[in-house]
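Working notes, structure below.
The values are calculated or read from the model by the stated rules, or taken from the named source; none is laboratory data. Small disclaimer: the values here were computed from a predicted structure and weren't measured. Cβ: placed from backbone, ideal geometry, glycine included. Neighbour counts: every protein chain shown. Accessible surface is based on the protein model in full, side chains and every heavy atom, while ligands, DNA and RNA are left aside. Shrake-Rupley method; radii C 1.70, N 1.55, O 1.52, S 1.80 Å.
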Amino acid sequence: MDKHKLIQEQKALAQKLILTDTIEQSNLIAGASSVYTHDTIISVIIIYDIKEKKIIEKKFTIEKEAMPFHKDFNCYRECPALIKTFHALKNKPSLIFVEGDGIIHPRKMGIASYFGLIADIPTIGINSIKT
């Protein structure tokens, strides 16, 4: 892992972020999250229909982690499995809430930002604060 190369890549990708509302009208939104066990990542995306008020699809992927944990480069660790899960969806949402940092990442390239760029879909990062 070349940290300097990843930092430069994150800075370049951050320049491509769209920080204004460009969400198309749709009834479908999604939530995405990943959990770890040793060197394995389980990524999950759930699609929710706002109009019908129900979950209409659930997908998950189990993968070996793409790289070891490093707090500033977690997007490279988690996103390959999340992207694979996203591509397996039959119903594409107009917005995905992703558990993890988005633009609050030091280089604006948290998991949510990176996922949104790669998947070409609006995302919002949800960072849970543990007390």
statement: Given (1) aliphatic (A, V, I, L, M); (2) crowded, with 17+ Cβ neighbours inside 10 Å; (3) at pLDDT below 85; (4) not in a helix (DSSP H, G or I), Leu13 misses just (4)
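Can you find a residue in segment 45-61 that is farther than 22 Å from Leu95 by Cβ, open to solvent by less than 100 Å² (accessible area, probe 1.4 Å) and without any contact (Cβ under 8 Å) to a residue 24 or more places away in the chain? Walk me through how you get there before you give the answer.
So in segment 45-61, the residues farther than 22 Å from Leu95 by Cβ come out as none.
Checked against the condition, which is being farther than 22 Å from Leu95 by Cβ, open to solvent by less than 100 Å² (accessible area, probe 1.4 Å) and without any contact (Cβ under 8 Å) to a residue 24 or more places away in the chain, segment 45-61 yields no hits at all.
Restricting the search to segment 21-44, which residues are over 18 Å from the mean Cα position of the chain (by Cα), open to solvent by 60 Å² or more (accessible area, probe 1.4 Å) and hydroxyl-bearing (Ser, Thr, Tyr)?
Restricting attention to segment 21-44, the residues satisfying the condition of being over 18 Å from the mean Cα position of the chain (by Cα) are 24-27, 37-39.
Filter once more, keeping what is open to solvent by 60 Å² or more (accessible area, probe 1.4 Å): 24-25, 27, 37-39.
Correct list: Thr37 only.
Lys84 - would you say it is without any contact (Cβ under 8 Å) to a residue 60 or more places away in the chain, within 19 Å of Ile47 (Cα to Cα), open to solvent by 70 Å² or more (accessible area, probe 1.4 Å) and in contact with an Asp or Glu (Cβ under 9 Å, 6 or more places away or on another chain)?
The answer is yes for Lys84.
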message: It is to be established whether one or more residues within segment 63-73 are surrounded by 13 or more Cβ atoms within 10 Å (Cβ to Cβ), at pLDDT 90 or above and outside any helix (DSSP H, G or I).
response: yes
- line: Scanning segment 105-130 residue by residue, the ones that are crowded, with 20+ Cβ neighbours inside 10 Å, free of Cβ contacts under 8 Å to residues at least 24 places away in the same chain and over 20 Å from Leu6 (Cα atoms) total 0
- prompt: Which of the residues spanning segment 84-131 are within 20 Å of Gln15 (Cα to Cα), part of a strand (DSSP E or B) and of a type outside the set (Val, Ile, Thr)?
  reply: Gly125
